[in-house]
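Following: one structure in structure tokens, then a few remarks.
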Amino acid sequence: MLLTSLVPIFAAAGFFFVATHAKHTPSIANRPSMAAFDACLTANGLQPQQSYRSQFDATVAAQQEMKVCGGKIPPAVIRSWQQQAETSRSSFSSCMRNLAGSGGRGGGRFRGRPGGDFRSAYLICRSLVQGDQGGSAPQKAPPKPVAPVA
């Protein structure tokens, strides 16, 4: 009698465990991966171009990629991107503090009101930070365009 009452209980508990466990374990095809992200981009026609006409176009394209396929990127990759961005921001801030000062009186190589010196500090720091990320040497700022003489 004890056996006949316990067998259905154990069977129901086993079925419940299997059903619960199988529901929470996604198949390998549905797990986040960079291959799944790439496949999603291809399926939705969102593969990035080699170059964009403007920084705005590149930003809009990246936002669309993340909106549609961002869930396919593994959390570890997103964390590493966030750490790289934070490192880059802190490097840029440190560079600006060292070159332009922190505002107010004193501090920094380029002292005084924001102007040409501040812009120089900004361009130097930006090129240093971008040079670190891209693995290339910092580049000079492009020359300002000259208005044609009429």
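The values are calculated or read from the model by the stated rules, or taken from the named source; none is laboratory data. All of these numbers come straight from a predicted model, not from anything done at the bench. Note that each Cβ is placed from the backbone with ideal geometry, even for glycine, and that neighbours are counted across all protein chains shown. Only protein heavy atoms, including side chains, enter the accessible area calculation; ligands, DNA and RNA are left aside. Shrake-Rupley method; radii C 1.70, N 1.55, O 1.52, S 1.80 Å.
Couple of notes before you dig in:
- Residue list for segment 45-69, filter: charged (D, E, K, R) and in a helix (DSSP H, G or I): D57, E65, K67
- So F56, is it exposed (fewer than 10 other Cβ atoms within 10 Å of the Cβ) and at pLDDT 70 or above: yes
- Filter result for Q64 (at pLDDT below 85, of a type in the set (S, T, N, Q) and surrounded by 12 or more Cβ atoms within 10 Å (Cβ to Cβ)): no
- The combined condition, being within 22 Å of V129 (Cβ to Cβ), modelled with pLDDT of 90 or more and not aliphatic (A, V, I, L, M), is fulfilled by Q83.
- Considering segment 29-44, the residues that are in a loop (DSSP other than H, G, I, E, B) and not basic (K, R) include one that is most open to solvent (accessible area, probe 1.4 Å), namely N44.
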